[in-house]
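**Q** Take this structure, written in structure tokens, and hold onto it; I'll ask about it next.
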Amino acid sequence: MKTYSGSCHCGAVRFSFRGPEITCAMQCDCSICIRKTAYLTRFKVVQDDMEITAAGDVLKTYRFGTMAAQHHFCGICGIHTFVEPRLSPGTYRINLGCIGGSDTLHLPVEIFDGKSL
């Protein structure tokens, strides 16, 4: 397991998590993720392996449809930082573009069929 750290664009939302080496990315094709075009971790991070630091109430959450998935983003810069998936409440998939030093555009990408859920 490796420790990663990241943040939104303005730095008001910061996080760190433990997970395996990031060798590929996942992109969900549900109606919100396809619009964000965020590349996410293929693995899920459990709450005990995730630490989130956000100033005041800057961390915002968007829900739609079944209201089960929680799409978290910064209320200042608007960057989507991570999501708590509908099928795995209490876990996170992290926006790889928010992780310092990651080169997400050169990772192989797996498409997740979220639009069929």
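The values are calculated or read from the model by the stated rules, or taken from the named source; none is laboratory data. In this text, all values refer to a predicted model and were calculated from it rather than measured experimentally. Because the Cβ atoms are built from the backbone with ideal geometry, glycine has one as well, and the counts that use them run over all protein chains shown. For accessibility, only protein heavy atoms count, side chains too; no ligands or nucleic acids. Shrake-Rupley method; radii C 1.70, N 1.55, O 1.52, S 1.80 Å.
**Q** Could you rank THR91, THR53 by how accessible they are, 1.4 Å probe, largest area first?
**A** Solvent-accessible surface, decreasing: THR53, THR91.
**Q** CYS77 label point, 7 Å along Cα→Cβ, cut-off 17 Å on backbone N: hits in the range 94-108?
**A** Counting backbone N atoms under 17 Å from the label point, the list is 94-105.
**Q** Between GLN47 and SER16, what is 0.36 nm times their sequence separation minus the Cα-Cα distance? Round to one decimal in nm.
**A** So the chain would gain 10.1 nm between GLN47 and SER16.
**Q** Can I ask one more? Counting only residues 5 or more places away or on other chains, whose amide H sits under 5 Å from the amide H of CYS77 once H atoms are built in the peptide plane?
**A** For CYS77, the qualifying residues are CYS10.
**Q** What list of ³J(HN,Hα) values in whole Hz, one per residue of the range 89-100 in order, does the Karplus curve 6.51 cos²θ - 1.76 cosθ + 1.60 (θ = phi - 60°) give from phi, with Gly and Pro shown as x?
**A** Rounded to whole hertz, the list is x, x, 10, 10, 10, 9, 6, 4, x, 8, 8, x.
**Q** Note down the relative contact order for the chain as a percent, whole number, built from C-alpha pairs under 8 angstrom at least six residues apart.
**A** With pairs under 8 Å counted, the relative contact order is 32 percent.
**Q** Also, I was wondering about something else. For the chain, just say rounded, prolate or oblate: build the C-alpha gyration tensor, square-root its eigenvalues into a ≥ b ≥ c, call rounded for a/c under 1.5, and beyond that prolate if a/b exceeds b/c, oblate if not. Walk me through the numbers on the way to the answer.
**A** On the way: a/c = 1.37, a/b = 1.05, b/c = 1.30.
Verdict is rounded for the chain.
**Q** Where does the chain land at 222 nm, in deg cm²/dmol rounded to the nearest 500, when only DSSP H runs of n ≥ 4 count, each adding -39500 (n - 2.57), divided by all residues?
**A** For the chain, the value works out to -500 deg cm²/dmol.
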